[in-house]
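Every number in this text was worked out from the coordinates using simple rules, so none of it is lab data. Keep in mind that what you see is a predicted model, and the values were worked out from it rather than measured. Don't worry about glycine lacking a Cβ; one is built from the backbone with ideal geometry, like all the others, and counts go over all protein chains shown.
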């Protein structure tokens, strides 16, 4: 199979990074992407000249080679932006991530005392064993602050009770956070701000899509192919190795011989595509993996944007929306008309939900109603609305997911030329820079390089709703 190309499934951050690493090394590579554009969960969409980031992606990393890649491909097109995000709860603004100072100011002294007493009880009698996300939040913040602030938003994001989510998710995404740490930080700095939270980040002037298009262009310039609207349907393997893949394209079905397969597909879909089929227990474990879907309604408004933040997080359980982006705060060049604003109203849902199945026109009306309920400064008329749906946006850490992953890993291990990368390829809720790094590592593995030292391996280091954590940033955003 030495003359066959490397096949990469998925043209998101990880898939493009793997393809680029291979193309730069002179290897033949074909990247298959089911959609009509590159970037995966980090795409930048364009409608009528308005660009909007799906999920929002701050460019901040402590991984030197990822930073070097951004600099190499984007150069002066990287803007430096000030970080500003807040929580809107019960008509009041709170710091994001939640800080002791803003919680006390927004909830009042009496409620602050109840929260403090609840936290003291949690420290004296912590929940043991700490199995669920509810246990983790209670131990770190006390039952009252958890029930008041964290439960409504977390359950809005994940669509399930905190008792049904694994504490491991919090240990990965928001490690080191607690009410005690927030209070100590407020006393140390007098501001309530997290000392490890970055205050500025970089962002491409035309959105993350600028990076993905440049990665695609270089892959193709070096002889590789990025094939859009090519959905992988079958992975043929024999003798402990992947031999070929099948895909469906607008021109029909095709079969590609493969020297290696780098998959960024959801593990559920990868295992289901195996031919011969995976053992029954492996197939069952993959089918049981859970994902959370995401949709965004981008509203173009006549007049200025009603808030300066990149994001507002909406904790009120009565609001269907979970978050709102202000795209001009990311980059003024995303908005072609200075007299207009463009806001992204974000919903966390599942494709079985009635919200997901609504037609675009009805979703635009839902988003308009949610905006009107926020008591923001007066909004101008809605000039246009654009809907983006993203399936499998967030891998779910539910009860038993770790055992299922172990079963899948053992089942795939005999395929010596199969590598997985990216958020869904590893079923790990990582950030964009980590997804890129998984792709670079996968490319190097194809080229024969050993795994990096354990301290820098993917999945070892810190990666961040309610909120979550990024490498080098104590708490991050959902798509960050």
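Highest first, please rank the peptides 312-322, 62-72, 427-437, 10-20 by the mean number of other Cβ atoms sitting within 10 Å of their residues. All intermediate terms of the calculation are to be shown ahead of the outcome.
On the way: 312-322: 19.0, 62-72: 14.5, 427-437: 25.5, 10-20: 30.7.
So the order, starting with the most tightly packed, is 10-20, 427-437, 312-322, 62-72.
Can you bin segment 1-61 into rounded, prolate or oblate? Criterion: square roots of the alpha carbon gyration tensor eigenvalues sorted a ≥ b ≥ c, rounded for a/c under 1.5, prolate for a/b above b/c, oblate for the rest. Since a/c reaches 1.5 and a/b is larger than b/c, the shape of segment 1-61 is classed as prolate. For the chain, rounded, prolate or oblate, judged on the Cα gyration tensor with a ≥ b ≥ c (square roots of eigenvalues), a/c < 1.5 rounded, else prolate if a/b > b/c? Taking the square roots of the gyration eigenvalues as a ≥ b ≥ c, the chain is prolate. Taking label points 7 Å from Cα along the Cα-to-Cβ direction, residue 350 and residue 375 give a separation of 3.3 nm.
Taking the helices alone, the chain has a mean residue ellipticity at 222 nm of -9500 deg cm²/dmol, built from -39,500 (n - 2.57) per DSSP H run of at least 4 residues and averaged over all its residues. With 0.36 nm allotted per residue and the present C-alpha distance subtracted, the residue 81-residue 161 stretch has 25.3 nm of extension available. Each of residue 233 and residue 253 was given a label point 7 Å from its Cα along the Cα-to-Cβ line. The distance between the two points is 0.5 nm.
Compared with the direct C-alpha span, the chain from residue 399 to residue 200 gains 68.0 nm at full extension, assuming 0.36 nm per residue. If you plug the beta carbon distance of residue 93 and residue 406 into 1/(1 + (r/R0)^6) with R0 = 30 Å, you get a FRET efficiency near 0.10. Full extension of the chain between residue 416 and residue 316 yields a length gain of 31.1 nm, computed as 0.36 nm times the residue separation minus the alpha carbon distance.
The distance separating the Cα centre of segment 5-22 from that of segment 224-254 comes to 14 Å. Working from label points 7 Å from Cα in the Cα-to-Cβ sense, the residue 125 to residue 24 distance is 5.7 nm.
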